[in-house]
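Worksheet: one structure, shown below.
The values are calculated or read from the model by the stated rules, or taken from the named source; none is laboratory data. Computed from a predicted model, the values in this text were never measured in an experiment. Cβ placement follows ideal geometry from the backbone for every residue including glycine, while neighbour counts extend to all protein chains displayed. Side chains are part of the model used for accessible areas, which takes the heavy atoms of the whole protein and leaves out ligands, DNA and RNA. Shrake-Rupley method; radii C 1.70, N 1.55, O 1.52, S 1.80 Å.
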Amino acid sequence: MDDIIFELKDVNFSYLGKYPALWDINITIKRGEKISVIGANGSGKSTLLHMLDGLIFPDKGIIRAFGKELREGDLNDAGFSRNFRKSVGLVFQNPDIQLFCPTVREDIIFGPLQLGASKIEIEKCLEELTAMLGITDLLDRSPHQLSIGERRKVAIATTLIIGPDVLLLDEPTAGLDPLTTRHIIDLLNLASSSGKTIITSTHDLHIVEEISDTVYVFGSDKKIAAFGSSSEILKDERLLMEHNLVHIHAHRHKDIVHVHPHQHTDHH
Amino acid sequence: MFKKSNFIERSLTGALSFIKGSIFAEGYASRIGFLQSLDPRIKAATFLLFLLQILFTKNILVLLYLYALCLMLAQVSRIDLLFFLKRTWVFIPLFSLFIAIPALFSIFTPGDPLVSFSLIGHKLTITHQGLSGAELFVTRVITSVSFVVLLSITTKHFELLKVLRIFKIPQVFVMTLGMCYRYIYLFAEIIEDTYLAIKSRVGTLVHYKRGQHLVAWNIAYLWHRSYQLNEEVYKAMLSRGYAGEPAVLTDFRFKPKDLVWFIFAAIMFTAMRKYG
């Protein structure tokens, strides 16, 4: 039981009470697991991550975090909120949302400062983390001066510096070049090998097998359409096609047009 | 909307380029120069002393002396003087039109007549007192504007924001200011992209009325987008432990050079208060 970090039971959530975003969701997440959430646009992946981060709460059903039911009122309690925020970190889909400070340095240290870390501790972590991510040169720049890849790395740094046990990532590789994508995959695997729980929402099927052991497929009806090991799910072409995760790809071999389903499980 | 020399297009591109050029250019703040090397807290505090002196003095010579000091500081801080003069004198016509020019005349400043003339059947008299008042006013405006501009172009914006804290501006306001700065750029980019997207679809021949509709629609879109962004950024802050009062780290370093400069400015301030 201690190993269970999140437990969602019959969870429903809708925006403004009328636009359903999650429907009958049942998920159990254990400590140290690597999970991917895949699905078409608007299938509720980001909403799920926001709920796991205690930013929104179910309209119906129960969410438990670290063995305790998570309710909005609990996060108004300073002690509980501080512990929860130290334990769970979310990297938002849009780095422009996450980087709201005038400089990269201030953005990265924002989290630990709010959570009461000491100046020495913050400076040490900042130095190590920025060296590891290769972003030391960016510290005094404004986020608006950075490329999308740099912004995404900085956004990840803003969360990693808190040292959360659970790392939630919302499409961390969207729009990135292959090399930056590779760096992010390596980073996630490093975090996972140090015992962190990694939950990633993504469209990039080619990274799923590397960053996850378990995959949840979300359907356009906002329900979980399937879940299983990453190899099982990625082999199920019919399931992936049904949820807009593969497409028919046509290309030419000399004079013959060749057509086949295309999964984006590899770079090409 | 997009015909050549069209008013809306020119206003839009002009405003965006002004915002990007004036607010976001930090070229001078990154140069190696005298003011750039000072601790921003000391620099801001001494500039505040100069501004107070400008406000209190009624002696035009003191103002001219301070203006000369400002130009000298600009010079030793490797600021292009032509750029600096353009940037500061741009405010003068605005103030002159509404305050300094009317103050020349006996209607607003009675006194000894200097010159009289007729304009559309009305006799107007410029007075000695009016002229010296207007001179004092214009010199005061140009000197204070010059100091403020010099402070802003030789200091990185995030350092200026931190400096506001030493003047006991509540952190929440400082942070809001910082965010405004951050997101103005994002919105300027959205406006630019939207403008290009419209231009690519509609070409250049759009009736000005249709153009006005498009601009109005874009203002509404931007308003909606800023509202959304506001909610999302708040969530991102909560996610990293924000609980109502932001904490910040101040890492300025006080150097002997700062002390020397501060003593110099304090002596000048005291001397000018006493003899000016």
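Restriction of the trypsin sites (Lys or Arg not before Pro) in segment B:123-200 to DSSP coil positions whose beta-carbon has at most 13 other beta-carbons within 10 angstrom yields B:168.
Give the shape of segment A:1-69 as rounded, prolate or oblate, defined through the alpha-carbon gyration tensor: a ≥ b ≥ c are the square roots of its eigenvalues, a/c under 1.5 means rounded, and otherwise the shape is prolate if a/b is larger than b/c and oblate if not. Since a/c reaches 1.5 but b/c is at least a/b, the shape of segment A:1-69 is classed as oblate. What a 1.4 Å probe finds exposed on the protein assembly as shown is 61% carbon and sulfur by accessible area, rounded to a whole percent.
Using only the Cα atoms of chain A, what semi-axes does the equivalent ellipsoid have when each is the square root of 5 times a gyration tensor eigenvalue? Give whole Å, largest first. If you can, show how the numbers build up before the last one.
On the way: eigenvalues 190, 130, 50 Å².
Computed over chain A, the values are 31, 26, 16 Å.
The separation of segment B:125-178 from segment A:144-172, counted between C-alpha centres, amounts to 38 Å. GNM on chain A, alpha-carbon springs under 10 angstrom: the most fluctuating residue among A:158, A:103, A:173 is A:103.
Pairs of Cα atoms in segment B:78-224 fall into 5 Å distance bins, from 0 up to the last occupied one, in shares of 2, 7, 10, 10, 9, 10, 12, 11, 10, 9, 7, 2, 0, 0 percent. Grab the DSSP H runs of chain A that are 4 residues or longer, score each as -39,500 (n - 2.57), total them, divide by all residues and round the 222 nm result to the nearest 500 deg cm²/dmol. Value at 222 nm, helices only: -10500 deg cm²/dmol. Solvent exposure of segment A:1-58, expressed per residue, is 41 Å² of accessible area, with all protein chains present and a 1.4 angstrom probe. Once you order the gyration tensor axes a ≥ b ≥ c over the Cα atoms, which shape class does chain B get: rounded for a/c under 1.5, otherwise prolate or oblate by comparing a/b with b/c? Note, shape of chain B comes out oblate. Among B:178, B:14, B:130, the largest mean-square fluctuation in a Gaussian network model of chain B (Cα springs under 10 Å) belongs to B:14. For the protein assembly as shown, the mean projected area of the C-alpha convex hull, equal to one quarter of the hull surface, is 35.7 nm². Amide H to amide H distances under 5 Å link residue A:201 with A:37, A:169, A:170, A:171, where only residues 5 or more positions off or on other chains count and H is placed in the peptide plane. For segment A:65-213, the convex hull drawn through the C-alpha positions has a volume of 123 cubic angstrom per residue. Short-range pairs are left out: with C-alpha atoms under 8 Å and at least six residues apart, the relative contact order of segment A:113-256 is 14 percent. Residues in segment A:139-155 carry Karplus couplings, in order, of 3, 9, 8, 8, x, 5, 8, 9, 6, 4, x, 5, 4, 5, 4, 5, 4 Hz; the curve used is 6.51 cos²θ - 1.76 cosθ + 1.60 with θ = phi - 60°, and Gly or Pro positions show x. Under the simplified labelling scheme, the residue A:255-residue B:89 pair shows an inter-label distance of 7.6 nm, with each label point 7 Å from Cα along Cα→Cβ. Using the Cβ-Cβ distance between residue B:253 and residue A:83 with R0 = 56 Å, the FRET efficiency computed as 1/(1 + (r/R0)^6) comes to roughly 0.95. Helical runs assigned H by DSSP (4 residues or longer) give chain B a calculated mean residue ellipticity at 222 nm of -22500 deg cm²/dmol, each run adding -39500 (n - 2.57) before division by the residue total.
To the nearest µm²/s, what D does Stokes-Einstein give for segment B:156-276 at 10 °C and 1.306 mPa s, using the Kirkwood radius over alpha carbon pairs as Rh? Provide the component values of the computation, followed by the final result.
Working: Rh = 19.1 Å.
Translational D for this selection: 83 µm²/s.
Within the listed set B:69, B:97, B:249, the Gaussian network model of chain B (springs between alpha-carbon atoms below 10 Å) gives the highest mean-square fluctuation for B:249. Taking both sides together, the accessible area buried where A meets B is about 2700 Å² for a 1.4 Å probe.
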